[in-house]
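Reading through the structure tokens given below for one structure.
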Amino acid sequence: MKWMLISEARGDAAVGQPCEIRGWIRTRRDSKGGFSFLEVNDGSCFGSLQVVAPGELENYDSEIKKLSAGCSVVVRGTIKPSPAEGQASELHASELRVLGWADPETYPLQKKRHSFEKLREWAHLRPRTNTFGAIARVRDQVCASIHDFFREESFRYVQTPIITASDCEGAGEMFRVTTLDLDRLAGSGGPVRYELDFFDRPAYLTVSGQLEAETYATAIGRVYTFGPTFRAENSNTSRHLAEFWMVEPEAAFFDLHDNMQLAERFLKRIFDDCLKTSAEDMEFFDQRIEKGKIEQLRGVIDKPFVHMTYSEAVEVLTGSGETFEFPVAWGSDLQAEHERFLTEQHVGGPVILTDYPSSIKPFYMRLSDDERTVAAMDVLVPGVGEIIGGSQREERLEVLQKRMAAQNLSEENYWWYVDLRRFGTVPHAGFGLGLERIIQYITGMTNIRDVIPFPRTPGSAEF
């Protein structure tokens, strides 16, 4: 007898076929007619399959009538058309075997609805809920779309190091990696002897794979890195994680215009794939998490992105008559409230801002001819604000050296990065997209801790 995933068994094509399903009980309802209705879900799709278990089954009284949420079962029977509204088919059981019991007195995921905050305490169980199962499937789809998109755009997947000695962003908020005995160091009160450490120097968990990706872009053309990154920012907001995933394409011979076009195609492809392949999950998010989410995503897909310089944006914001929590002035970084005003009220769609002041951007962004701005870009979308940040990179040796000196960065620590400008330098560009940030946007979830399987935040690393 064929083992079917519930995603297969719920389809019209399965009607009339004998099959076996394997999954977990969501609910059990007993009928006065001497049979039970079981809702079984295996995670392959959002919906469950209704199982009709007749009282004639050998273990009906001893096991089936004792089933509760969380129990795992194997059910054999025949798929038949369902008379119930909202489901095409149901499984009429000829055999049901219980694999694992879940005590209803102690299993936390019973009928009572728990807050997302409470569910974070059960990160090992929350994927069994409708919301977190749907998030997991959408996250999987987004990851698949990322790889598919870049493969079709002739980018090569490069794995950049998680342990690094360089700070890409220059903010200093990095986790230290060491094999030194920290207890002895604390007791000694003396200086750290890095020559005794594993790497013979200070080493950290990476905040970005960009700099290393540039080495491969300037050798094989178009590359992207996709993996975990880390930031030791002591922040407990709904927008911050200590461990998160980043996708970072880097392309030789690209300028800022090429970069913007790539970012627009990229976002539209991801959103379109989600709406097409995760329709049932997206319908759930649209109805239960954020009303109008599907329409919002469709608007991003269908509308061309509006381009605007940072200076133009500042003029729009200062002339808007709006009262912002953070004042707007040329030379200051834009906040989420400013970005959302631009996308939601001024433009009514996605915006790409370019040409930011050099004083608020990292050393590797290409200095413009006016020497006040850099060839940076931020992609802003309604509902969130910035979702992608990138730039054309500084390929001129002397200019890069001056920028590093101005930001008090030691050229000795970045000697290999500077070398890329000494030997066959070329214009190149890239951007970064936080995976969790885009999952938040797609699903409408308000807290970033709910779109990563096991959130790492200050004081939280239990699972």
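The values are calculated or read from the model by the stated rules, or taken from the named source; none is laboratory data. Here the structure is a predicted model, which is why all the values come from computation and not from measurement. In this analysis, Cβ positions are derived from the backbone assuming ideal geometry, glycine residues included, and neighbour counts consider all displayed protein chains. Ligands, DNA and RNA are stripped out before the accessible areas are found, and what is left, the full protein with its side chains, is counted by its heavy atoms. Shrake-Rupley method; radii C 1.70, N 1.55, O 1.52, S 1.80 Å.
Convex hull volume per residue, computed on the Cα atoms of the stretch 34-133, equals 121 Å³. From largest to smallest, the equivalent ellipsoid semi-axes obtained for the chain from the alpha-carbon gyration tensor read 49, 27, 21 Å. From most to least packed by mean Cβ count within 10 Å, the peptides 123-134, 28-39, 205-216 give 205-216, 123-134, 28-39. In summary, the convex hull built on the alpha carbon positions of the stretch 166-248 has an orientation-averaged projected area of 7.4 nm². Relative to its Kirkwood radius, the Cα radius of gyration of the stretch 256-355 gives an Rg/Rh of 1.03. Under the simplified labelling scheme, the Arg76-Glu195 pair shows an inter-label distance of 7.2 nm, with each label point 7 Å from Cα along Cα→Cβ.
Here the gap between Ser320 and Asp103, fully extended at 0.36 nm per residue and compared with their Cα-Cα distance, gives a gain of 72.2 nm. When the square roots of the Cα gyration tensor eigenvalues are ordered a ≥ b ≥ c, the ratio a/c for the stretch 99-239 is 1.5 or more and a/b does not exceed b/c, which makes its shape oblate. If you plug the beta carbon distance of Lys112 and Lys276 into 1/(1 + (r/R0)^6) with R0 = 30 Å, you get a FRET efficiency near 0.30. Remark on the stretch 335-463: ratio of C-alpha radius of gyration to 2.2 N^0.38 Å is 1.29. No solvent, one uniform scatterer per C-alpha: report log10 I(q)/I(0) for the stretch 400-463 via the Debye equation at q = 0.12, 0.23, 0.27 1/Å, two decimals. Relative scattering, expressed as log10 I(q)/I(0), comes to -0.63, -0.92, -1.19. Nonpolar atom fraction for the stretch 4-84, defined as the carbon and sulfur part of the 1.4 Å probe accessible area, stands at 50 percent. In summary, the stretch 191-293 shows an alpha-carbon radius of gyration equal to 1.52 times the 2.2 N^0.38 Å reference for compact globular proteins. Packing around the peptides 282-291, 57-66, 333-342, taken as the average count of other Cβ atoms within 10 Å per residue, puts them in this order, highest first: 333-342, 282-291, 57-66. Taking the Cα centre of the stretch 52-106 as reference, the dipole from Cβ charges on Lys and Arg (+1) and Asp and Glu (-1) amounts to some 160 debye.
Whole angstrom only: what separates the Cα centroid of the stretch 183-205 from the Cα centroid of the stretch 111-147? Result: 39 Å between the Cα centres. Computed with a 1.4 Å probe over protein heavy atoms only, the accessible surface of the chain comes to 49 Å² per residue. Heavy-atom surface analysis with a 1.4 Å probe gives the stretch 132-247 a carbon and sulfur content of 50 percent of its accessible area.
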